[in-house]
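Since the structure comes first, as structure tokens, the remarks are kept for the end.
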Amino acid sequence: MVSLGRQALLEAFRARPQDTNIQVQLGNTLIQTGNLTTAAKMFRRALRLEPSNLDAAAGLGTVWEREGRP
């Protein structure tokens, strides 16, 4: 999967809000910038649309780990 810049990801998300791959990439980018709350929202959104999305589940787990959740 090609990683896009944050601005490009935001534009892609606006154009295709149901694309779980974009949501996961955006969530990972948000983690890197320290925006954990919004990253978690992206991963949860992806999981609502595609409950078996392992990348979204792993991303949400990363957010929880960084927040210090057990």
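The values are calculated or read from the model by the stated rules, or taken from the named source; none is laboratory data. On a predicted model such as this, the values are computed, not experimentally measured, just so you know. Reconstructed Cβ throughout: ideal geometry from the backbone, glycine too, with neighbour counts over all protein chains shown. SASA here: full protein model, heavy atoms, side chains in, ligands and nucleic acids out. Shrake-Rupley method; radii C 1.70, N 1.55, O 1.52, S 1.80 Å.
Structure notes:
- Chain lengthening between Glu65 and Arg44 when straightened (0.36 nm per residue, less Cα-Cα): 6.0 nm
- Cβ-defined net charge surrounding Phe13, 13 Å radius [Lys, Arg +1; Asp, Glu -1]: +3
- Intensity falloff of the chain expressed as log10 I(q)/I(0), Debye formula with alpha-carbon point scatterers, at q = 0.12, 0.19, 0.23 Å⁻¹: -0.26, -0.65, -0.94
- Derived scalar couplings between HN and Hα for region 29-39 equal 5, 5, 4, 4, 8, x, 8, 5, 4, 6, 4 Hz in order, rounded to whole Hz, by the Karplus curve 6.51 cos²θ - 1.76 cosθ + 1.60 (θ = phi - 60°), x for Gly and Pro.
- Ordering Ala40, Ala58, Gln25 by the projection of their Cα atoms onto the charge dipole of the chain, which places +1 on the Cβ of Lys and Arg and -1 on the Cβ of Asp and Glu, puts Ala40 at the extreme positive end.
- Across the accessible surface of the chain, with the other protein chains kept in place and a 1.4 Å probe, carbon and sulfur atoms take up 52 percent.
- Taken about its Cα centre, the chain carries a charge dipole of about 200 debye when Lys and Arg each add +1 at the Cβ and Asp and Glu each add -1 at the Cβ.
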